[in-house]
Amino acid sequence: MILEQTTINDVILLSPRVYEDDRGYFMESYNQKKVEKLIKDTFVQDNESLSDKNVLRGLHLQLPPHAQAKLIRVIKGSILDVAVDLRKNSTTYGKHFKHILSGENKKQLYIPQGFAHGFLSLENGTILNYKCSDYYHAECEQSIAWNDPDLAIDWGIPKPILAVKDQQAENFVTFENPF
């Protein structure tokens, strides 16, 4: 597995070694021993979502004491994946990293605690799987507006399909940031 630092502190792109032949492929999608120098989290919950093209989910996060690190991967289809640094003491505070993850490229994105996460589905029937370092707690759920002008994320689409909570998410400047 190849681990690559990104332009945002502590956000890591993982590229597994894929062994293909005429039967299909095999890959090790996660191995704690191989990533433990850069990823210190223990993952306790796996989540999966199915989205059609132009569905945007995010920007979501869990507040302390149940903040979550995530390891994102796409099983089928493709997404534009986005991580926003909310850590006030970080040199990349308020900046974002985006990357296309797909079932074809098999790359994964590690996002530590203290980040908001969102993605835009680029294909119908996209299946996303992600590991979380803490369990989901509804009372700690928070959303920041996907189209916040201060974050200036270019999603490549003017009107995505959004959940009600994402339509009503607050702006970055009014978000009471505990990180």
Handout entry: More than 22 angstrom apart: percent of Cα pairs within the range 1-96
Key = 41
Fill in the blank from the handout: Per DSSP loop assignment and a cutoff of at most 13 other beta carbons within 10 Å, the chain keeps its longest run without exposed trypsin sites (Lys or Arg not before Pro) at 89-179
Fill in the blank from the handout: In whole angstrom, the spacing between the Cα centers of the range 92-131 and the range 1-24 equals 13
Practice task
Would you list the P(r) distribution for the range 46-100, with all Cα-Cα distances sorted into 10 Å bins from 0 and each bin expressed as a whole %?
Solution key: 18, 50, 27, 5
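Before anything else, pin down the relative contact order of the chain: Cα pairs under 8 Å, at least 6 apart, normalised by residue count, whole percent.
So the answer I get is 29 percent.
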Problem - Alpha carbon centroid spacing (whole Å) that separates the range 139-179 from the range 36-52 - result: 21
Handout entry: Listed candidates (1) -0.49, -0.86, -1.17, -1.24; (2) -0.37, -0.74, -1.25, -1.39; (3) -0.42, -0.76, -1.12, -1.21 - label of the one calculated as log10 I(q)/I(0) by the Debye sum over Cα atoms at q = 0.10, 0.14, 0.18, 0.19 Å⁻¹
Key = (2)
Practice task
With springs only between Cα atoms under 10 Å apart, run a GNM on the chain and tell me which of V35, V82, V55 wobbles the most.
Solution key: V35
Handout entry: Stretch gain in nm, segment S29-N54, where the contour uses 0.36 nm per residue and the Cα spacing is subtracted
Key = 6.4 nm
Practice task
Filter the cross-link list K70/K159; K37/K95; K40/K131 down to pairs whose alpha-carbon distance in this structure exceeds 21 Å.
Solution key: K70/K159; K37/K95
Exercise for the section: Taking 7 Å along the Cα-to-C-beta vector as the label spot, tell me the T92-H137 distance in nanometres, rounded to one decimal. Expected result: 2.7
Problem - Cleavage-rule hits (GluC sites (Glu not before Pro)) in the range 16-110: DSSP loop, at most 15 neighbouring Cβ within 10 angstrom - result: E28, E36, E104
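Every read-out reported here was derived from the displayed coordinates using simple, explicitly stated rules and does not represent laboratory data. Keep in mind it's a predicted model, so treat the numbers as computed, not measured. Virtual Cβ from ideal backbone geometry, glycine too; neighbours counted across all protein chains shown.
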